[in-house]
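The structure appears below as structure tokens.
The values are calculated or read from the model by the stated rules, or taken from the named source; none is laboratory data. Computed from a predicted model, the values in this text were never measured in an experiment. All Cβ positions, glycine included, derive from the backbone under ideal geometry; neighbour counts span all protein chains shown.
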Amino acid sequence: MPRYRYSSHLIAGLVLATLLLAPLTVLADEFAEGERSFRAQCVGCHSIDPGRHLAGPSLHGLFGRPAGSLEDFDYSPVLEQADLSWNRKNLDAFLAGPQDFLPGTRMVLWGLDERTRRHIIDYLESLAAP
């Protein structure tokens, strides 16, 4: 019976490939979880398509955008006057309790748990990445 000899370079290459691909699998899983959370919690009122507003504004290009700044959406006065731009910190606080973060907002949400917020924020941020 023949014995197969594997070079240390081949084994090292396989180990390296496994280590490099593992994070991609985790990222794909995280993206899928974020998309599921978005669909379960947000898609009834928000679109991710540019210019497509539902009950809430499109979330396309959300990161870095000043709150209440889309010209073709009718925001609550508190959002139009808010002096903030959407980033991870502000979005997390808003999704934890919109009325606590910006009293008077029209956003109808009782607040999301930390894990769900993180997944949704990660998902929305990944859509903004080049």
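Among the residues of the range 66-84, just one is without any contact (Cβ under 8 Å) to a residue 24 or more places away in the chain and of a type in the set (Ser, Thr, Tyr), namely Ser69. Residues in the range 47-92 that are of a type in the set (Ser, Thr, Tyr) and either more than 18 Å from the chain's Cα centre (by Cα) or assigned to a loop (DSSP other than H, G, I, E, B) (or both): Ser47, Ser58, Ser69, Tyr75, Ser76.
Please tell me if Ala40 is of a type outside the set (Lys, Arg), at pLDDT 90 or above and part of a loop (DSSP other than H, G, I, E, B). Judged against the criteria, Ala40 is not a match. State yes or no: is Thr116 closer than 19 Å to His53 by Cα and not hydrophobic (A, V, I, L, M, F, W, C)? Answer is no for this residue. Residues in the range 93-106 that are under 20 Å from the mean Cα position of the chain (by Cα) and surrounded by fewer than 17 Cβ atoms within 10 Å (Cβ to Cβ): 3 in all.
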